1. For segment 82-95, what are the residues that are in a strand (DSSP E or B), closer than 17 Å to PRO110 by Cα and modelled with pLDDT of 90 or more?
2. Looking at (1) more than 16 Å from the ligand (Cβ to nearest atom); (2) more than 10 Å from the chain's Cα centre (by Cα); (3) hydroxyl-bearing (Ser, Thr, Tyr); (4) surrounded by 13 or more Cβ atoms within 10 Å (Cβ to Cβ), can you tell me which one SER49 breaks?
3. In this structure, is VAL60 assigned to a loop (DSSP other than H, G, I, E, B), under 18 Å from THR113 (Cα atoms) and β-branched (Val, Ile, Thr)?
4. I'd like the full set of residues that are within 16 Å of the ligand (Cβ to nearest atom) and closer than 21 Å to VAL93 by Cβ, limited to segment 13-31.
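The values are calculated or read from the model by the stated rules, or taken from the named source; none is laboratory data. Just so you know, these numbers come straight off a predicted model, no measurement behind them. We place every Cβ from the backbone using ideal geometry, glycine too, and count neighbours over all the protein chains shown.
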Amino acid sequence: MSQPATTRTQDDTRSELLIQVCRKCGTVLAPLVATCSRCLSSQLEDIASTGAGEIVSSRVVHREVDGRNGELVPFTIAIVALDDGPWVYSWVVGSVSRCTSEPMRVRYVPGVTAERLPVFRVCSAHCGVRTRSVAA
Ligand SMILES: [Zn+2]
């Protein structure tokens, strides 16, 4: 049983972020990779990610978008470490501030991709994720 070596693409209408698991060694892998990084097997299976993770690194880039007459619009591209394990390149919407040394939590935005990258949204409560609000 051999599978054709095709470029894997993500279905834009999916409500969940798909990642992959190696059928041979069980390594959890990022979407769109063709072979397992540990055992080089190409027997990969799609599984649903929790869609939650945190930003490892981010950078603002300026891109042209349709309907803006060549105006450059800032976008944040980031490496997101999924709670499931793999790291994925993604676009991030929302304010990616550097006001805190706390990890910035993000959540997958279903049904949206941009240039084949998944889109994440900054969790609005990220500043208070690790601090409990205690009534005095
Ligand atoms: Zn493997």
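1. Residues satisfying the conditions are LEU82, VAL88, TYR89, SER90, TRP91, VAL92.
2. Unmet for SER49, out of (1) more than 16 Å from the ligand (Cβ to nearest atom); (2) more than 10 Å from the chain's Cα centre (by Cα); (3) hydroxyl-bearing (Ser, Thr, Tyr); (4) surrounded by 13 or more Cβ atoms within 10 Å (Cβ to Cβ): (2).
3. Values: assigned to a loop (DSSP other than H, G, I, E, B): no; under 18 Å from THR113 (Cα atoms): yes; β-branched (Val, Ile, Thr): yes.
Spelling it out, it is not the case that VAL60 is assigned to a loop (DSSP other than H, G, I, E, B), under 18 Å from THR113 (Cα atoms) and β-branched (Val, Ile, Thr).
4. Of everything in segment 13-31, those that are within 16 Å of the ligand (Cβ to nearest atom) and closer than 21 Å to VAL93 by Cβ turn out to be ILE19, ALA30, PRO31.
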